[in-house]
């Protein structure tokens, strides 16, 4: 069996020079029949074909592109072909250069993050229904609270407010879950609303909390980028 070790540490076979990659991020195991399995060991997880793989395995076909970090995308086929042997040479992944962070940037102890422009009020509505039952990923504060404003607008129109409530019940639950993901909490925490007084107050605090910089287990930050 051949094993390709991937990560930020220099002892890996394939070095990913990026702050959001873990020191020993993952490995690709290739058996004698050519079957490749991706094994994630990272803190933040890895995106493969839009699927989040976190501390688990994923069977590769050799055509996927592995998104190890926000700006590091590895073509699996090239990786296996070029670095499939045990005597593999060290490879430093290219990382895009960044301009100095503006005053609006934020630091989490590992560097500054640039704040991306917020989604416009008008675009929020289309984005909301496009992700109708999307309980994965992340949503920043502006996306959530713009939809609260849309709710208030449609909520004052007689009869329309009932239809609106029925049409938006599921997508609003999905949006709240994505908002929790954005602050680093599991979507299961939405059930805290069932606890009288304390539950809704804590939920409100989390919904008002700023985005967690960098990537977490639910994906990259929709607000902050390096």
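Summary of values
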quantity: Qualifying residue in region 27-36 (condition: under 23 Å from the mean Cα position of the chain (by Cα) and modelled with pLDDT of 70 or more); calculated: yes
quantity: Within region 169-185, tally of residues that are surrounded by 17 or more Cβ atoms within 10 Å (Cβ to Cβ), free of Cβ contacts under 8 Å to residues at least 24 places away in the same chain and part of a helix (DSSP H, G or I); calculated: 0
quantity: Residue match in region 198-218 (condition: part of a helix (DSSP H, G or I) and in contact with a strand residue (DSSP E or B) (Cβ under 8 Å, 6 or more places away or on another chain)); calculated: no
quantity: Residue 188 closer than 30 Å to residue 21 by Cβ, at pLDDT 90 or above, loosely packed, with under 15 Cβ neighbours inside 10 Å and not assigned by TED's automatic domain parsing to the domain that holds residue 48; calculated: yes
quantity: Identity of the residue in region 1-41, in contact (Cβ under 8 Å) with a residue 60 or more places away in the chain and surrounded by 22 or more Cβ atoms within 10 Å (Cβ to Cβ), that ends up farthest from residue 75 (Cα to Cα); calculated: 20
quantity: Candidates 75, 59, 49, filtered to the one that is surrounded by fewer than 16 Cβ atoms within 10 Å (Cβ to Cβ), at pLDDT below 75, over 15 Å from the mean Cα position of the chain (by Cα) and outside the structural domain of residue 221 (by TED's automatic domain parsing); calculated: 75
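The values are calculated or read from the model by the stated rules, or taken from the named source; none is laboratory data. Remember, predicted model here, so these are calculated numbers, not experimental data. Using ideal geometry, Cβ is built from the backbone for each residue, glycine included, and neighbour counts are taken over all protein chains shown.
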